[in-house]
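Asker: Take a look at this one; I'll ask things after.
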Amino acid sequence: MISLRHALPSSVVAARAVALRRQPVLLRCFHSSPDKKNNFAPVAESQHQQAPVPPTPDALPVRSPNFAYLKDFTAGELLSFMMIGTVASHKSLLNMAIKAFPYVPMPLIKAFVYNIYCGGENIDEVKKTGARLAKRGINNMMISLTIEACNGNENVNPDYIVEQTQHSVNEILIPHTISMLETSGKDINAIPPGYVALKPTGFVKNAAAVLKNYNSPEYKELFEDLVSKASAVCQTIYDANQRLAQLYPSRVAPFAVGVIDAEKHELQNGVYELQRRLYKKFNKVNSPVSVVGTLQMYLSESSDLLAMEEKLAKENNYRLGLKLVRGAYIHSEKNRDTVIHKTKEDTDMNYDQGISYCIDSILAHQGNESVIGHLVVASHNAESMRLATQKTYKSEFSIGNKNKANICLGQLLGMADSVTYDLIKNDKVDNVIKYVPWGPPLETKEYLLRRLEENGDAVKNDNGFPLVRSALSTMFKRLFA
């Protein structure tokens with residue numbers, strides 16, 4: 001049966017895609033977007049306190065955390081969850097853990113925490129992590145070599161990072177993605193791409209200064225070196241996509257994607273310049289994207305930036321790939337009062353409007369024609385995930401639209417597992433991934449500390465005593481079954 005959507009002219013489809021938004025996009029409203037019509041005036045900064053309710057799916061009841069995912073973990077991992085839940089159950093305990101964490105011996109961290117939040121020390125261990133995730137219905141992952149030349153860490157070798165990241169693409173992501181395509185029994189467009197996160201601060205010495213002063217003569221050569229190293233990794237990804245597209249011509253989404261991670265706000269102008277150069281080189285029009293950049297939607301400038309990025313992509317004849325996050329540096333931003341939204345409610349609304357806007361843009365087309373070509377909805381917020389799911393998989397324009405393969409939902413390994421489980425088991429979503437950090441233990445220790453500092457609220461909401469009780473119950477059921 002041919003859907004009505006296929007019979008509609010593209011101009012009508014695009015217009016109706018705009019109408020999909022249930023609430024007017026008011027907060028900055030992406031009003032400078034070249035492709036979207038908006039008859040509503042932007043809300044002034046002084047009006048933010050009276051911001052409207054963000055778009056939400058119709059009549060969707062709030063779901064309680066589902067700890068059924070614990071059945072897939074070993075007894076040792078359940079013990080780790082119990083310890084993590086206890087620490088996260090009270091703010092004072094969590095603060096104590098954050099202060100003590102730098103002094104905890106690595107063997108203890110590896111025994112109780114490492115395997116929950118990290119994919120392994122080497123490529124072989126990450127492969128095994130990917131296989132375990134696949135058994136849980138998580139069909140791919142975003143891997144991240146957690147080495148960066150920032151915060152005083154100058155022992156990093158950028159050439160080593162490029163080499164290891166390229167190896168991870170060729171030895172982890174591509175084989176894993178092909179395996180899932182060949183053995184999962186799912187449609188070729190139901191398997192998400194494999195992603196590799198690229199830390200700009202890992203590609204050059206003195207990275208913070210280079211990114212902060214990227215357009216000054218003193219740092220020009222170093223910045224060009226950073227761009228060259230990031231390009232080398234993205235070239236590996238692009239070549240793999242070109243090769244695999246010949247083998248699987250009916251696939252709409254890419255097979256592998258390089259994701260430029262965000263940094264602190266003071267470094268972001270350099271990161272944005274890096275992203276734009278990579279977009280232009282690797283995200284060709286009418287083809288799947290190979291590079292995705294990150295926008296932090298807790299930044300008050302983020303909606304204007306999204307509109308500008310779309311405009312630049314259209315003007316310069318390339319496609320835009322985006323990962324939307326709320327933001328990871330709220331505890332370390334120097335000028336939080338001026339660069340971040342005034343309230344969490346403003347951030348939540350801005351995030352939900354951002355993902356709605358991008359999803360509508362992608363689903364307004366049947367193939368790789370939209371300016372916004374790929375979206376990673378990276379969030380631990382269950383309501384944002386449900387909004388994305390509703391629009392991507394259950395809206396009028398998603399039915400029969402292969403382009404929904406270019407929308408992926410993701411959470412960090414070891415976090416928001418109840419959200420991930422709910423997406424897979426209850427909403428039957430295939431395009432779900434986990435962010436999997438890997439690398440030397442010392443570097444992953446720094447990553448774990450940042451997760452505690454930057455995501456303490458998420459840890460507490462996802463865990464606490466409910467997790468302790470559920471992990472203990474799962475252990476007893478297993479013992480006495």
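Asker: For region 340-354, name all the residues that are more than 21 Å from residue 375 (Cα to Cα), in contact with a helix residue (DSSP H, G or I) (Cβ under 6 Å, 6 or more places away or on another chain) and part of a helix (DSSP H, G or I).
Answerer: Answer for region 340-354, where residues must be more than 21 Å from residue 375 (Cα to Cα), in contact with a helix residue (DSSP H, G or I) (Cβ under 6 Å, 6 or more places away or on another chain) and part of a helix (DSSP H, G or I): just 346.
Asker: Looking at (1) out of contact with any helix residue (DSSP H, G or I) (no Cβ under 7 Å at 6 or more places or on another chain); (2) part of a helix (DSSP H, G or I), which one does residue 249 not meet, given that it meets all the others?
Answerer: The number of the failed condition is (2).
Asker: A follow-up question, please. Take residue 291 and tell me if it is buried (at least 17 other Cβ atoms within 10 Å of the Cβ), of a type in the set (A, V, I, L, M, F, W, C) and touching a His at 6+ places or on another chain (Cβ under 6 Å).
Answerer: no
Asker: Just the residues that are surrounded by fewer than 21 Cβ atoms within 10 Å (Cβ to Cβ) and either assigned to a helix (DSSP H, G or I) or of a type in the set (Phe, Trp, Tyr) (or both), please, taken from region 182-202.
Answerer: 182, 183
Asker: Filter region 434-457 down to residues that are of a type in the set (Lys, Arg) and either assigned by the TED database to the domain that holds residue 95 or modelled with pLDDT of 80 or more (or both), then give me how many there are.
Answerer: Of the residues in that region, 1 qualify.
Asker: Same structure, new question: Working only within region 247-260, note down all residues that are free of Cβ contacts under 8 Å to residues at least 12 places away in the same chain and more than 19 Å from residue 285 (Cβ to Cβ).
Answerer: Listed by number, the list holds a single entry, 247.
Asker: Ok, one more. Scan region 103-126 for residues that are within 20 Å of the chain's Cα centre (by Cα) and over 19 Å from residue 161 (Cβ atoms) and jot them down.
Answerer: Matches in region 103-126: 116, 117.
Asker: Okay, next question. Does residue 171 fit the bill of being over 17 Å from residue 433 (Cα atoms), open to solvent by 70 Å² or more (accessible area, probe 1.4 Å), touching a helix residue (DSSP H, G or I) at 6+ places or on another chain (Cβ under 6 Å) and not basic (Lys, Arg)?
Answerer: Yes: the conditions hold for residue 171.
Asker: Condition first: part of a helix (DSSP H, G or I) and surrounded by 16 or more Cβ atoms within 10 Å (Cβ to Cβ). Now tell me which residues in region 252-272 satisfy that.
Answerer: 265, 267, 268, 270, 271, 272
Asker: Go through region 327-355 and give me each residue that's in contact (Cβ under 8 Å) with a residue 40 or more places away in the chain and either aromatic (Phe, Trp, Tyr) or open to solvent by 50 Å² or more (accessible area, probe 1.4 Å) (or both).
Answerer: Answer for region 327-355, where residues must be in contact (Cβ under 8 Å) with a residue 40 or more places away in the chain and either aromatic (Phe, Trp, Tyr) or open to solvent by 50 Å² or more (accessible area, probe 1.4 Å) (or both): 329, 330, 331, 334, 335, 342, 345, 351.
Asker: For the condition touching a residue at least 40 places away in the same chain (Cβ under 8 Å), open to solvent by less than 20 Å² (accessible area, probe 1.4 Å) and in contact with a Gly (Cβ under 6 Å, 6 or more places away or on another chain), what is the one hit in 133, 211, 226?
Answerer: 211
Asker: Of these, 467, 449, which one is touching a Phe, Trp or Tyr at 6+ places or on another chain (Cβ under 7 Å) and surrounded by fewer than 17 Cβ atoms within 10 Å (Cβ to Cβ)?
Answerer: Going through 467, 449 in turn, the sole match is 449.
Asker: Something else now. Determine which member of the set 220, 205 is touching a residue at least 40 places away in the same chain (Cβ under 8 Å) and either part of a helix (DSSP H, G or I) or open to solvent by 50 Å² or more (accessible area, probe 1.4 Å) (or both).
Answerer: That would be 205, the only listed residue that is touching a residue at least 40 places away in the same chain (Cβ under 8 Å) and either part of a helix (DSSP H, G or I) or open to solvent by 50 Å² or more (accessible area, probe 1.4 Å) (or both).
Asker: Let me ask something else about it. In region 297-315, which residue that is open to solvent by less than 50 Å² (accessible area, probe 1.4 Å), out of contact with any Lys or Arg (no Cβ under 7 Å at 6 or more places or on another chain) and not aliphatic (A, V, I, L, M) is nearest to residue 272 (Cα to Cα)?
Answerer: Taking the candidates together, the pick is 309.
Asker: Oh, and also: Could you tell me whether any residue of region 133-143 is assigned to a helix (DSSP H, G or I) and either touching a Cys at 6+ places or on another chain (Cβ under 9 Å) or β-branched (Val, Ile, Thr) (or both)?
Answerer: No: zero hits.
The values are calculated or read from the model by the stated rules, or taken from the named source; none is laboratory data. Being a predicted model, the structure only gives us computed values, none of them experimental. Every residue, glycine as well, gets a Cβ built from its backbone with ideal geometry; the counts of neighbours run over all protein chains shown. Heads up: the accessible areas ignore ligands, DNA and RNA and are worked out on the full protein's heavy atoms, side chains in. Shrake-Rupley method; radii C 1.70, N 1.55, O 1.52, S 1.80 Å.
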